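*Asks:* Below is one structure. I have some questions about it.
The values are calculated or read from the model by the stated rules, or taken from the named source; none is laboratory data. Bear in mind that the values here come from a model prediction, so they are computed numbers and not experimental data. For neighbour counting, all protein chains shown are included, and Cβ atoms are generated from backbone atoms with ideal geometry for every residue, glycine included.
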Amino acid sequence: MSDLREKAPVARHVRPEPTGTEFASVPVVDIEAQSVSKSFGDTPIFSDVSFRLVRGSSTALVGANGVGKSTLLRCVMGLIPATAGGVRLLGEPATGVRKSDLRALRARIGLVSQKHNLVPRLSVLSNVLHGMLGRTGGPRHWAHGFAPEASRRAAMEALDKVGLVHLALRRADRLSGGQSQRVAIARAIVGAPEILFADEPTASLDPQAGKDVMDLFMSLARENGVTVVFTSHNIDHALSYGDRVLGLAEGRKMLDATAVSLTASDLRGLYD
Ligand SMILES: Nc1ncnc2c1ncn2[C@@H]1O[C@H](COP(=O)(O)OP(=O)(O)OP(=O)(O)O)[C@@H](O)[C@H]1O
């Protein structure tokens, strides 16, 4: 993979012009969860989870297998309904709203989920272009042969960020697990999201590729102001790439601290 930090950002997303009433030092809250709880049937997964994450920050969500990290991400994104509580994303309510409003909000958010969900018979490039469907609404983004030139260029830049330009025309079902993971990441960032949720983004990557992906996320946060939330079982990644670490255990938020204030053994405690 090329050195990601030397490359220009995929695309700079447009933020509203300052109104003149805010001060540069006042952080903007992009993600706000208020007393979010989730049960599946009679089984509670977590309850009363609250946090506020500011624009351009990177947050690691950690905890043992099955504690509810993915479920919390899905609730926060509105992919599944929370049992109780409320969420605001980018200043807009994301719970208790019409599906059409949620769709518009989701188009501003990128997701890398554990299942890559690539379309197997389509090319890598077409799969990356699918990340622009929500934004442009254009069916021409379904297959790369029909996509506008500017979109194809953005998709190639996203592939360059994950070191896969050379595989642009390969069918998705001919990729290794790690390559599929990187295509899913390119698809998540091609639309210049303002928030990026990533569920175990380095799970199927070798250590160097995992480091490159986390460096890419950090550059999106630092250079483009993207608000990044990632889950990880990798304690080093959580401490090195999270400005802040949220930990789930025993069905509640057990840890919420800046990464610099934590040691590896603080995080290991969550897994005991
Ligand atoms: N749709 C569902 N219906 C019922 N139970 C579910 C559903 N989705 C998840 N669960 C359960 O909720 C719990 C939390 O799962 P989740 O995948 O959120 O955990 P996780 O912390 O992300 O785990 P991992 O680290 O292994 O990815 C698990 O016991 C899981 O079996």
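*Asks:* Just give me the residues in the range 159-203 being among the small types (Gly, Ala, Ser), assigned to a loop (DSSP other than H, G, I, E, B) and out of contact with any His (no Cβ under 9 Å at 6 or more places or on another chain), in sequence order.
*Replies:* If the condition is that a residue be among the small types (Gly, Ala, Ser), assigned to a loop (DSSP other than H, G, I, E, B) and out of contact with any His (no Cβ under 9 Å at 6 or more places or on another chain), then Gly163, Ser176 are the ones that fit.
*Asks:* Another question about this same structure. Say we look at the range 77-92 and pick out the residues that are within 20 Å of Pro193 (Cβ to Cβ) and either modelled with pLDDT of 95 or more or away from the ligand (no atom under 16 Å from the Cβ) (or both); which of these is surrounded by the most Cβ atoms within 10 Å (Cβ to Cβ)?
*Replies:* Leu89
Each row is one residue, and each column tells you yes or no for (1) more than 8 Å from the ligand (Cβ to nearest atom); (2) in a helix (DSSP H, G or I); (3) modelled with pLDDT under 95; (4) not hydrophobic (A, V, I, L, M, F, W, C).
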site	(1), (2), (3), (4)
Ser35	yes, no, no, yes
Ser39	yes, no, no, yes
Pro44	yes, no, no, yes
Ser47	yes, no, no, yes
Ser50	yes, no, no, yes
Leu53	yes, no, no, no
Gly56	yes, no, no, yes
Ser70	no, yes, no, yes
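*Asks:* Right, something else. Under 6 Å by Cβ, and 6 or more places apart or on different chains, what pairs join a residue from the range 63-89 that is within 23 Å of Leu270 (Cβ to Cβ) and not assigned by TED's automatic domain parsing to the domain that holds Met254 with one that is within 13 Å of the ligand (Cβ to nearest atom) and among the hydrophobic types (A, V, I, L, M, F, W, C)?
*Replies:* As it stands, the answer is none, since no pair meets every condition given.
*Asks:* From the list Ala143, Ala104, pick out the single residue that is modelled with pLDDT under 95 and not in a helix (DSSP H, G or I).
*Replies:* Only one candidate qualifies: Ala143.
*Asks:* Going through the range 222-253 one residue at a time, which ones are closer than 17 Å to Ala64 by Cα, more than 13 Å from the ligand (Cβ to nearest atom) and modelled with pLDDT under 95?
*Replies:* Ile235, Asp236, His237
*Asks:* Now, a different point. Restricting attention to the range 254-261, does a residue exist that is part of a strand (DSSP E or B) and within 16 Å of the ligand (Cβ to nearest atom)?
*Replies:* yes
*Asks:* How many residues are of a type outside the set (A, V, I, L, M, F, W, C) and in contact with a strand residue (DSSP E or B) (Cβ under 8 Å, 6 or more places away or on another chain) if we restrict to the range 104-129?
*Replies:* 7
*Asks:* To continue, here is another question. Out of (1) among the small types (Gly, Ala, Ser); (2) closer than 27 Å to Val62 by Cβ; (3) at pLDDT 95 or above, the odd one out for Gly210 is which?
*Replies:* (3)
*Asks:* Pick from Thr258, Thr227: which is in contact with an Asp or Glu (Cβ under 7 Å, 6 or more places away or on another chain), more than 20 Å from Arg74 (Cα to Cα) and assigned by TED's automatic domain parsing to the domain that holds Gly85?
*Replies:* Within the list Thr258, Thr227, the selection yields Thr258.
*Asks:* For Thr95, state whether it is within 13 Å of the ligand (Cβ to nearest atom) and either more than 20 Å from Glu200 (Cβ to Cβ) or among the β-branched types (Val, Ile, Thr) (or both).
*Replies:* no
*Asks:* Next question, about the same structure. When you scan the range 252-272, how many residues do you find that are free of Cβ contacts under 8 Å to residues at least 12 places away in the same chain and within 18 Å of Val49 (Cβ to Cβ)?
*Replies:* 0
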